[in-house]
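Asks: My questions all concern the structure below.
What follows is calculated from the coordinates using simple rules that are stated; it is not laboratory data. Source: prediction; values computed, not measured. Counting neighbours? That spans all protein chains shown, and the Cβs are built from the backbone with ideal geometry, glycine included.
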């Protein structure tokens, strides 16, 4: 299941998902959430938080995974990447109008010019 599938399933179950400070995912009302669904939400929490953030910034759902990539770039996980990888990251990030993506793109520009 994708994060979008899980989000739709949560909505179908009458649940509301909301990001909270510190990387937490709030689920309400909790009594409608079965233990199996709680496990599914926990397993996909990062993807769900990215999806909710993308929704908040009116980005299409297919942009949500790039928020995670931007976070990786900012955490220096791509430092030392070859030119092809760095260029692929730049191509993916440059079309996403989100502050984290713009910051990651600027970081990529500083350490690995094609």
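Asks: Using 0.36 nm per residue, how much length does the chain from residue 5 to residue 103 gain when fully extended, once their Cα-Cα distance is taken away?
Replies: 32.4 nm
Asks: Tell me, 44, 68 in order of fewest to most beta-carbon neighbours within 10 Å?
Replies: Ordered from fewest to most neighbouring Cβ atoms within 10 Å, 44, 68 come out as 68, 44.
Asks: Okay, moving on. When 101, 63, 33 are ordered from fewest to most other Cβ atoms inside 10 Å of their Cβ, what list results?
Replies: 33, 63, 101
Asks: If you don't mind, another one. Quick check: the angle from helix 64-74's long axis to the longest principal axis of the chain, C-alpha only, nearest 10 degrees?
Replies: 50 degrees
Asks: Could you work out how far helix 83-94 tilts from the main Cα principal axis of the chain, as a 0 to 90 degree angle to the nearest 10?
Replies: Relative to the chain, helix 83-94 is tipped by roughly 50 degrees.
Asks: Among (i) -0.45, -0.61, -0.95, -1.21; (ii) -0.48, -0.62, -0.88, -1.06; (iii) -0.82, -0.89, -1.01, -1.10, find the value of log10 I(q)/I(0) by the Debye sum over Cα atoms at q = 0.12, 0.14, 0.18, 0.21 Å⁻¹ that was calculated from the structure presented, and write down its label.
Replies: Of the labelled values, this structure produces (ii).
Asks: Oh, and also: Given the C-alpha centroids of segment 16-56 and segment 1-15, what is the distance between them in whole angstrom?
Replies: 10 Å
Asks: For helix 99-111, report the angle its Cα long axis makes with the longest principal axis of the Cα atoms of the chain; keep it between 0 and 90° and round to the nearest 10°.
Replies: Between the helix axis and the principal axis of the chain, the angle is about 30 degrees.
Asks: Mean separation of Cα pairs under 8 Å and 6+ residues apart, divided by the residue count of the chain: what relative contact order is that in percent?
Replies: Normalised by residue count, the contact order of the chain is 19 percent.
Asks: Follow-up question, since we're still on this one. Kindly put 27, 69, 38 in sequence by how many other C-beta atoms sit within 10 Å of each C-beta, fewest to most.
Replies: 38, 27, 69
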